[in-house]
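The values are calculated or read from the model by the stated rules, or taken from the named source; none is laboratory data. Small disclaimer: the values here were computed from a predicted structure and weren't measured. Here Cβ is always computed from backbone atoms with ideal geometry, including for glycine, and neighbour counts include all displayed protein chains.
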């Protein structure tokens with residue numbers, strides 16, 4: 001009896017891993033920068049300027065993971081890779097975690113919770129602070145309402161609310177661009193181009209065209225008669 005239970009448990013675990021390996025791989029991969037930061041912090045290896053190290057790592061990680069979450073739908077649209085949709089929510093939440101860490105480091109360690117100085121800098125000299133703060137304020141309700149319970153409560157409004165993530169993406173790029181030095185602006189411009197592509201493929205007409213081309217190339221969704229005619233012509 002005990003052996004049968006172990007066999008059943010092992011079979012269940014194997015099935016679970018087969019069905020969810022991609023989610024675990026992507027989620028754990030997205031958390032690697034956070035684990036690296038924690039490990040280096042514990043060992044005292046954050047460099048001569050720990051605040052700047054945390055700022056750079058958390059900021060880039062937030063932006064990259066957010067863009068990865070935005071890439072999930074295009075991956076399904078262009079390549080029919082439906083597994084990508086299963087990690088969209090977890091990537092969005094992890095991006096919010098990195099953005100929150102970025103804010104706490106900035107407000108607490110960099111400015112010592114001197115909100116008057118932060119406001120003065122934001123209003124007069126550093127507009128990137130306003131852009132970054134606005135992006136985080138957008139991500140906050142999206143993170144809170146990411147559960148199935150909130151999806152049921154909000155109904156159709158849930159999708160409308162979560163479309164604001166596109167605005168957050170634009171603000172994140174502006175945040176990065178406005179604080180970058182002139183010689184380093186090529187990097188935020190690369191991210192801007194990536195974001196532009198991710199938003200472009202979401203335009204309904206473009207998305208429909210891409211889906212149609214994918215189905216023609218793969219033969220999926222094409223009537224059997226059409227596939228036969230294509231085979232004869234080929």
Restricting to the stretch 141-186, name every residue that is part of a helix (DSSP H, G or I), over 21 Å from residue 72 (Cβ atoms) and touching a helix residue (DSSP H, G or I) at 6+ places or on another chain (Cβ under 8 Å). 174, 175, 176, 177, 178, 179
Any hit, the stretch 30-51, residues being closer than 30 Å to residue 204 by Cα and out of contact with any strand residue (DSSP E or B) (no Cβ under 7 Å at 6 or more places or on another chain): yes
Quick one: would you say residue 96 is at pLDDT below 95, within 24 Å of the chain's Cα centre (by Cα) and crowded, with 16+ Cβ neighbours inside 10 Å? no
Unique residue being over 19 Å from the mean Cα position of the chain (by Cα), surrounded by 10 or more Cβ atoms within 10 Å (Cβ to Cβ) and either on the phi > 0 side of the Ramachandran plot or at pLDDT 90 or above (or both) when the list is 51, 32, 87, 65: 51
Across the stretch 197-208, the tally of residues that are farther than 13 Å from residue 73 by Cβ and surrounded by 13 or more Cβ atoms within 10 Å (Cβ to Cβ) stands at 0
Mind checking which pairs have a first residue in the stretch 111-126 that is at pLDDT below 85 and a second that is part of a loop (DSSP other than H, G, I, E, B), Cβ under 9 Å, 6 or more apart or different chains? 121/111
